[in-house]
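Since the structure comes first, as structure tokens, the remarks are kept for the end.
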Amino acid sequence: MSAMMFENALVTSMVEEAIAFCAEKTGARTREEVIDAISKGNCAACDYLKYSLAKKVGECLGSMDETIKAIYIYEPEYGAGADNFLDRSLGLKSGINLVAWVERKTAALSSIVASLNEALVEACKRLGASENGLRYLLDVKLADDNEVANRRGYGALVHSIYVRPTEVWSR
């Protein structure tokens, strides 16, 4: 278990707001329709849920760590040139892949991310918005100023035209 714990209410609210966003975007009339669409692997529903959760995660992390400059969501398969290979039916199993552009990498931020991941996985399970066996939801890679400036490591993703990251939060 991680050293930091997130309030149930905060994380549950993040998931519920993401479900509401998904319903609005897909035209689902009820929360149950959204959950059903996600459980059936509806690509649009899963993508809207992941995008909204990514925005909420960005807001949460940004409020907790002042070294974060921006957070981007991306699909790693694009980096491998696998546009046609991308298995869109994975739903939440593929996780939410984020790059956090930070001034410097810290163990504290890594701990916050791990705790938030655990809390989100549990909230998704409780609310019925996850698939069986979901162990992780967040995959947050940290890229510091030097890596972004020199386009090294995950810093190269920030301005990549091939991976197409989308900024979900910035300071």
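Let me check I've understood the local charge: for residue 66, count other residues with C-beta under 9 angstrom from its C-beta, Lys and Arg +1, Asp and Glu -1. What total comes out? Around residue 66, the charge tally is -1. With both labels modelled 7 Å from their Cα along Cα-to-Cβ, the residue 164 to residue 104 distance reads 3.7 nm. In terms of other Cβ atoms within 10 Å, 64, 14 run from fewest to most in the order 64, 14.
Under 5 Å between amide hydrogens, built in the peptide plane, is the criterion, and for residue 144 it picks out 102 among residues at least 5 positions away or on other chains.
Within the shell defined by Cβ-Cβ distances under 14 Å, the residues around residue 11 carry a net charge of -3, with Lys and Arg each +1 and Asp and Glu each -1.
When both segment 106-123 and segment 20-50 are represented by their alpha-carbon centers, they are found 25 Å apart.
Would you mind ranking 162, 48 so that the residue whose beta carbon has the fewest other beta carbons within 10 Å leads the list?
Numbers: 162 11, 48 23.
The fewest-first ordering by Cβ neighbours comes to 162, 48.
Laboratory data are not the source of any read-out in this text; all were calculated from the coordinates shown. None of these values were measured; they are calculated from a predicted model. Cβ atoms come from the backbone with ideal geometry, glycine included; neighbour counts cover every protein chain shown.
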